[in-house]
Amino acid sequence: MARSKQSAEYEIEVGGEPYVWRLQRKPHWSSDPAERRGMGIAVRHKEGQREAVLEFPPGPQPRFGAPQLQASQIAPALVAKAIGSAIAAGWEPLSRGKTVTFLVDETGG
């Protein structure tokens, strides 16, 4: 049986509501600017099922040999601001439906 490789989930409270988030995708860099992708954070309400993926811009390329980004290195304030931005943009975390994707800036706004 194959073992799924899911990253750890973290709890956070935004606007008095409990959410669960995880690092879905680490940043990818390439010499082609069209191929660069920033980190992606998957978020869902603790009592809901509908997920939102918050995509950040790629940012500057790290130097060669730099350690990979870990979920524990992401500031909770950044995640909270990004969740608030997704809700302001129309995400309804307690509704049913497909996963939605929101592009946010490097500050989570």
Residues other than GLY48 with Cβ under 11 Å of its Cβ, Lys/Arg counted +1 and Asp/Glu -1, net out at 0
Would you list, by chain and number, the aspartates and glutamates whose Cα falls below 17 Å from the Cα of LYS46, excluding same-chain residues fewer than 8 positions away?
-> GLU9, GLU11, GLU13, GLU17, GLU92
In whole Å, what are the Cα extents of the stretch 49-96 along the three principal axes, biggest one first?
-> 43, 19, 18
Step through the residues of the stretch 46-55 one at a time and calculate ³J(HN,Hα) from phi using the Karplus curve (6.51 cos²θ - 1.76 cosθ + 1.60, θ = phi - 60°), rounding each to whole Hz and writing x for Gly and Pro.
-> 4, 9, x, 10, 6, 9, 10, 9, 9, 9
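Read the figures in this text as sums done on the coordinates, not as results from a lab. What you see is a predicted model, and the numbers here were worked out from it, not measured in a lab. Positions of Cβ are generated from backbone atoms using ideal geometry, with glycine treated the same way; all protein chains shown enter the neighbour counts.
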